[in-house]
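Read through the structure below, which is laid out as structure tokens, and then see the notes.
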Amino acid sequence: MLTSRQHYADAYRHLLEQVLLSYGCAETDEELPLPGELEVQALWHGGLLGHGGMTMRHGEVKVLDFGEWNRSVGPDFLRAEIEINGVRMRGDIEIDPSAPDWERHGHGANPDYTQVVLHVVLSPPPPGWYTRNAEHRDIPILPLPQSVIRTAMGAGTPPPRDCGGLCREPLANKNAAQIELLLKAAAAYRAQNKRKLFFRKANVVGKQQAWFEAFAETLGYKINKVPMQLLARRAPLAALQQADAEGLLLGTAGFLLPMLPAKADTAARRYHRQVWDAWWPLSEQFRLSEGRTLPWKYAPLRPANHPHRRVAVLALIAARWRDIESKLHAETARELTGLLTNLSHPYWSRRSSLPSAEQKKPMALIGEERVKDFLVNHLYVQEDAPFAWETYLSMKNRDIPGRVQLTANRLFGAREDIIPLLNRMYVQQALLQIDSDFCALHPCRDCYFPEQLNQWSI
């Protein structure tokens, strides 16, 4: 009988807990590298950083409405609604890496910030710090615990500051069957965390929008994952269904200019004019001001993965949303794969960017490996049905990501019985989770991970 995903996930969670206990001291709130400002705002707006907490001096705050994500200058979120100690109020929300950033950025003397009702910070304020606006009104400060930020980022839990690292020599004392159990447990734990974050976001932005952002993340690959996620929130699915999706997405992304470079051919200029005309009436509502523009990266990328093209494919997904949404189930994953890999576009099937020359042969808009990435990271992890778990375990990837290979080498060395497992996608997910929880946090020294494995069973 196939062991359930929940059972595997619980077993890995227990292993994590035992490793932390082995250090003999309490977990700390050790700081981790923070994501970029826009990514933090997206995590907050999606509910992934929680719905409130304990302020510094004003009691408990609950966020009832995250408000409108500002596209221009001023506070990050406008017309939000919060409740502090049972008293409701509407106003703006500002998020800063630290409380003193409020004064460093000049918010305290800026009348645009007088309606701020909550100052969210990512680290504890200095002793005695007060956030005050231009009217000298004390603004409640909500520090976000590092554990909450870690969970939202998918990062691991660090050991206590004064204990050893979480990396170790290869697990040579385990046989292949035992290692497979460990990897299934780590993969199940990772899948369960992804599922929790998905539904937490869906409760705030809606399930359709959460799915749409999952597609955006997949299309962004690693290098443009964050800007694609941000774009999907700035130009949400509901707006795209009421407008020209290509014009709205390409314009919000900041890719449309009044005029293309001189090297662009006639067909490129014609297409650009078409999407520009669709974007221009919407630009005042959706354009992002300087400082809120999306952080696109253009290298290293194959031409087929240029951000212009990825955004255009996202627009095509929005245009075909009704067909795609009906197939967002494990049982219809094969139909979804066929639909996505057969998408085509009269311009983008042969172009890599807005001004690029036409290619002689068409290029796939979404390759099969991209669809597999979506299925493993999003679709199969959302369903508890045994079929979804069995299919998840059976999927293979022809490529082995560098981080996966490095983690496998660190843990298992040159063991030949591990090599055949590495193209299984659940194994890749498991190694990414183990790297996040242990290897990536500290150098390999005095690690309790293998010691606990000797006592661990499933």
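Some points to look at:
- Those residues of the stretch 218-256 whose amide nitrogen sits under 18 Å from the label point placed on Arg322, 7 Å along Cα→Cβ: 237-246
- Within the straight-line cut-off of under 18 Å between alpha carbons, the aspartates and glutamates reachable from Lys207 are Asp65, Glu217, Asp323, Glu325, Glu383, Asp384, sequence neighbours fewer than 8 places apart in one chain being disregarded.
- Karplus-derived 3J(HN,Hα), 6.51/-1.76/1.60, for each residue of the stretch 234-251, Hz, glycine and proline x: 6, 10, x, 4, 4, 5, 5, 6, 10, 8, 6, 5, 5, x, 5, 6, 5, x
- Label selected from (1) 26.3; (2) 21.5; (3) 24.6, the criterion being mean projected area of the Cα convex hull in nm² as computed here: (3)
- Too-long pairs where the Cα-Cα distance tops 28 Å, listed order kept, from Lys297/Lys361; Lys201/Lys222; Lys62/Lys196; Lys174/Lys372; Lys174/Lys222: Lys174/Lys372; Lys174/Lys222
- Highest to lowest packing among 245-252, 50-57, 82-89, scored as the average C-beta count within 10 Å: 245-252, 50-57, 82-89
- Per-peptide average of other Cβ atoms within 10 Å, ordering 183-191, 302-310 highest first: 183-191, 302-310
- With a Förster radius of 25 Å applied to the C-beta separation of Leu64 and Ala109, the computed FRET efficiency comes to 0.30.
- Ranked by the mean number of other Cβ atoms within 10 Å of their residues, highest first, the peptides 212-224, 340-352 fall in the order 212-224, 340-352.
- At 0.692 mPa s and 37 °C, Stokes D of the stretch 206-394 from Kirkwood alpha-carbon radius, µm² per second: 191 µm²/s
- Pairwise Cα inverse-distance average, inverted: Kirkwood Rh of the stretch 37-153 (Å): 14.0 Å
Bear in mind these aren't lab numbers, they're just calculated from the coordinates by the rules spelled out. None of the values given here were measured: they were computed from a predicted structure. Every residue, glycine as well, gets a Cβ built from its backbone with ideal geometry; the counts of neighbours run over all protein chains shown.
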